[in-house]
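Student: For reference, the structure I am asking about is given below.
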Amino acid sequence: MNKPILSTAAIWNMSVGFLGIQAGFALQNANASRILQTLGADTHQLGWFWLVAPITGMLVQPLIGHYSDKTWTKLGRRKPYFLVGAIMASLGLMFMPNAALFTAFLPALWVGAGMLMIMDASFNVAMEPFRALVADKLSTDQRTAGFAIQTVLIGLGAVAGSWLPTVLSDWFGVSKQALDGGVPDNVIYAFFVGALLLLGAIIWTIVTTSEYSPDELAGFDDNVIEDTSQLPSNVITTIIKDFGNMPETMKQLGLVQFCSWFALFGMWVYSTPAIAEHLYGLAANDTTSPNYQVAGNKVGFVFGIYNLVSAAYAFLLPFIARKIGRKYTHSISLFAGGLGLISIYFMSNPDYLVYAMIGVGMAWASILAMPYAMLAGAIPAHKMGIYMGIFNFFITIPQITNGLLGGPLLKFAYGNHAIFAIVTSGAFMILGAVASIFIKDKDDIYLIKKS
């Protein structure tokens, strides 16, 4: 029996939680470096603090994937995990910009880094079951559209998170000045609003979306019942065994993901210091100048632009993929993102950043949709959760690599000029575009012929 064809409204409802998760991610991505520098981190140290994000993701996602594959409660299979993740991430969002309040117990910088770790672990607990939920619920025919709708909502959530500090200051008069070297009020309040948005969006999905029972899943054509008598009893052994048996398509996607996420990590970590120095004329590590806060707000604004572009471009992804195939769609999108990042080096006016973000938005939309659409057709349905979690290795390992190497490269190779870290990110994005051409997507021919 094939999986039922779901209504467009049902696909949107199951994906609404991504809007909230990404609003939290966007607040973190646009403001964490600024907050950490305000709390005392040097520019070349930022990558090391950001390491907590991929390390927690690498540890958490496969475990959550494994256990969510084997969970069934009154609330469902995947939903208990992303509810708990949302609650913890919301707490992290509220505490991180207020790290200075805890200086009686620990240095503020370490509190801020700790809150970053809690947020990332919680985002990962919530994110992985969401990916698996869409694959659980949708047939092959609807998966590209399903992941594209996810991307639209991710883009809208990221726009909201990226622009919240600017909206609060420019529309509602909340102060954007950093008093006594602290975090500006508009950033603090934005993190509070983001926490509420995250929790509300997750609850929306939980209330409006049902999950298939184990018996229903066993009856679908693309599901295979696992012979548990031959399985390793230890979860770590199971993950290692499945990692070794990953499909060829997943390995090829892994190389593309390495290039893509190495680039994204560099962009998120170094955009604020790069733009502050390269386009606003500030000295490296000058966090006390009023223009540093202007540069920080500008980064949040242009990050919102690329997410807005990604939301719009996501609507086109299913159409483009049906015409030229998913791997070529992904390749073109990554190439546009690489050109966008490299172009920042040649700019002299911060207002031109909007044009660079068009290419970055195209890449971001495709990164959030195409690899998962290709992956979902290449892995066994009864291991959807654990393989989605293992696939996260190809997201976290490149970020860890960049986090370890980025600081020394910035200090010793780039002369503390963060703009060169952005150029390097663009180059890796283009390498990912080339690697995409060689992916074997077994559903591509079927989908193109059917269109």
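FYI, it's all coordinate maths here, none of it is from the lab. Keep in mind that this is a model prediction, so the values were computed, not measured. Cβ: placed from backbone, ideal geometry, glycine included. Neighbour counts: every protein chain shown.
Student: On a 0 to 90° scale, report how tilted helix 235-244 is relative to the longest principal axis of the chain, with both axes built from alpha carbons and the result rounded to the nearest 10.
Tutor: So the inclination is approximately 80 degrees.
Student: Please list the non-local residues whose amide H lies under 5 Å from the amide H of Leu282, H modeled 1.01 Å from N, same-chain partners needing a gap of 5 or more.
Tutor: Close amide H contacts, sequence-distant or interchain: Glu277.
Student: Also: Choose one of Ala274, Ser348, Gly337: the residue whose Cα lies farthest towards the positive end of the charge dipole of the range 8-450 (beta-carbon charges +1 Lys, Arg; -1 Asp, Glu; about the Cα centre).
Tutor: About the Cα centre, the residue reaching furthest to the positive side is Gly337.
Student: Step through the residues of the range 343-352 one at a time and calculate ³J(HN,Hα) from phi using the Karplus curve (6.51 cos²θ - 1.76 cosθ + 1.60, θ = phi - 60°), rounding each to whole Hz and writing x for Gly and Pro.
Tutor: Result, rounded to whole Hz: 5, 4, 4, 8, 8, 10, 10, x, 5, 6.
Student: Which of the peptides 344-353, 260-269 is most tightly packed, and how do the rest follow, judged by the mean count of other Cβ atoms within 10 Å per residue?
Tutor: Details: 344-353: 14.3, 260-269: 27.8.
Averaged packing, sorted descending, gives the order 260-269, 344-353.
Student: Based on Cα positions only, what radius of gyration and what Dmax would you give for the chain, in angstroms?
Tutor: 21.1, 65
Student: Taking trypsin sites (Lys or Arg not before Pro) as candidate sites, keep only those in a DSSP loop with at most 16 other Cβ atoms within 10 Å, then name the longest stretch of the chain containing none of them. Provide the component values of the computation, followed by the final result.
Tutor: Values: sites that count: Lys70, Lys74, Lys440, Lys442.
Result, exposed sites excluded: 75-439.
Student: While we're here: Using the Cα gyration tensor of the range 67-142, with a ≥ b ≥ c the square roots of its eigenvalues, what is the shape: rounded (a/c below 1.5), prolate (a/b larger than b/c) or oblate (neither)? Spell out each step's value before the answer.
Tutor: Working: a/c = 3.99, a/b = 2.85, b/c = 1.40.
Cα axes put the range 67-142 in the prolate bin.
Student: How big is the charge dipole of the chain about its Cα centre, in debye rounded to the nearest 20, if each Lys and Arg gets +1 on its Cβ and each Asp and Glu gets -1 on its Cβ?
Tutor: Roughly 600 debye for the chain.
Student: Whole-Hz ³J(HN,Hα) for each residue in the range 325-333, computed from phi via Karplus 6.51 cos²θ - 1.76 cosθ + 1.60 with θ = phi - 60°, x for glycine and proline: what do you get?
Tutor: x, 6, 5, 6, 4, 5, 4, 4, 5
Student: Past 24 Å, Cα to Cα, is the threshold; run Lys3/Lys79; Lys251/Lys327; Lys70/Lys440; Lys74/Lys251 against it and keep the listed order. Before the final figure, lay out each step's value.
Tutor: Numbers: Lys3/Lys79 20 Å; Lys251/Lys327 14 Å; Lys70/Lys440 30 Å; Lys74/Lys251 36 Å.
From the list (Lys3/Lys79; Lys251/Lys327; Lys70/Lys440; Lys74/Lys251), the Cα-Cα distance tops 24 Å for Lys70/Lys440; Lys74/Lys251.
Student: Taking only DSSP H segments of four or more residues, each worth -39500 (n - 2.57), what value at 222 nm results for the chain once the sum is divided by all its residues, to the nearest 500 deg cm²/dmol?
Tutor: On the way: 17 runs with 328 residues, N = 451.
Mean residue ellipticity, 222 nm, calculated: -25000 deg cm²/dmol.
Student: Considering only Phe262, Trp110, Gly173, whose Cα is most displaced toward the positive end of the charge dipole of the range 8-450, charges sitting on Cβ of Lys, Arg (+1) and Asp, Glu (-1)?
Tutor: Going by the Cα projections, it comes out as Phe262.
Student: How high is the FRET efficiency from Glu248 to Phe102, r the C-beta distance, R0 35 Å, rounded to 0.05?
Tutor: E(calc), rounded to 0.05, equals 0.10.
Student: Hey, what do the phi angles of the range 13-27 turn into as Karplus ³J(HN,Hα) couplings, whole Hz, using 6.51/-1.76/1.60 and θ = phi - 60°, x for Gly and Pro?
Tutor: My calculation for the range 13-27 gives 4, 5, 9, 4, x, 4, 4, x, 4, 6, 4, x, 4, 5, 4 Hz in order.
Student: Follow-up question, since we're still on this one. Can you work out the FRET efficiency for the pair Trp72 and Val294, with r the C-beta to C-beta distance and R0 = 51 Å, to the nearest 0.05? Could the numbers behind the result be given before it?
Tutor: Numbers: r = 52 Å, r/R0 = 1.01.
Rounded to the nearest 0.05, the efficiency is 0.50.
Student: Between Asn349 and Ile203, what length in nm is gained on full extension when 0.36 nm per residue of separation is reduced by their alpha carbon distance?
Tutor: Working: separation 146, 0.36 × 146 = 52.56 nm, distance 4.21 nm.
Length gained between Asn349 and Ile203: 48.4 nm.
Student: For all pairs of alpha-carbon atoms in the range 108-182, what percent lies in each bin of width 5 Å, listed from the first bin to the last filled one?
Tutor: 3, 12, 11, 16, 16, 14, 11, 8, 5, 2, 1, 0
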